[in-house]
Amino acid sequence: MCEYPRMIDVSLEKDADPVPVLKLQADAWELNIWASLADLARLSGIRAADWDERMSLKAGLCAGAPVFWAIAEDEQVAILIGSDDETWDIALMVPLATVDEIVALAR
């Protein structure tokens, strides 16, 4: 089982220019993702984006690379940053509840 921080702070700067910025913060890291509100709202379908079936949702950019989201085991979501969802450069896991919070903020 993958370990992730107990608490991930989620904030969404809706008025950022040119697109909104999603900020995920834990004690030891911070991740900034630029994405439209519509793309972030599409994360409501994360439960159907099963990594075991090699499915993911593409939503946002981080460090100039696409961001892919996929449900993993134990109610965790993999955030995959790179050219595609098979050969990413950075990956991290967050609780499914974090994605639910992102969707709520995007609406």
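The values are calculated or read from the model by the stated rules, or taken from the named source; none is laboratory data. Only a predicted model underlies this, so the values are computations on that prediction, with no experimental measurement involved. Note that each Cβ is placed from the backbone with ideal geometry, even for glycine, and that neighbours are counted across all protein chains shown.
Go through (1) surrounded by fewer than 17 Cβ atoms within 10 Å (Cβ to Cβ); (2) of a type in the set (D, E, K, R); (3) in a helix (DSSP H, G or I) and name the single condition residue 17 misses.
Condition not satisfied by residue 17: (3).
Could you pull out every one of the strands (runs of 3 or more DSSP E) wholly within the range 22-101 that has 3 or more residues that are more than 21 Å from residue 9 (Cβ to Cβ)? If you could, list the steps in order and put the result at the bottom.
On the way: elements: 30-34, 57-62, 65-71, 76-82, 88-95.
Strands (runs of 3 or more DSSP E) meeting the threshold: 65-71.
Within the range 36-50, identify whether any single residue is under 19 Å from residue 7 (Cβ atoms), more than 13 Å from the chain's Cα centre (by Cα) and either at pLDDT 95 or above or surrounded by fewer than 18 Cβ atoms within 10 Å (Cβ to Cβ) (or both), and answer yes or no.
no
Which of the residues spanning the range 64-78 are touching a Gly at 6+ places or on another chain (Cβ under 9 Å) and either surrounded by 21 or more Cβ atoms within 10 Å (Cβ to Cβ) or closer than 15 Å to residue 48 by Cα (or both)? Spell out the reasoning first.
Within the range 64-78, the subset touching a Gly at 6+ places or on another chain (Cβ under 9 Å) is 65-69.
Once the filter is applied, which keeps residues that are touching a Gly at 6+ places or on another chain (Cβ under 9 Å) and either surrounded by 21 or more Cβ atoms within 10 Å (Cβ to Cβ) or closer than 15 Å to residue 48 by Cα (or both), the range 64-78 yields 67, 68, 69.
Scan the range 39-85 residue by residue and report those that are touching a helix residue (DSSP H, G or I) at 6+ places or on another chain (Cβ under 8 Å) and small (Gly, Ala, Ser).
Within the range 39-85, 41, 44, 59, 60, 70, 72, 78 qualify.
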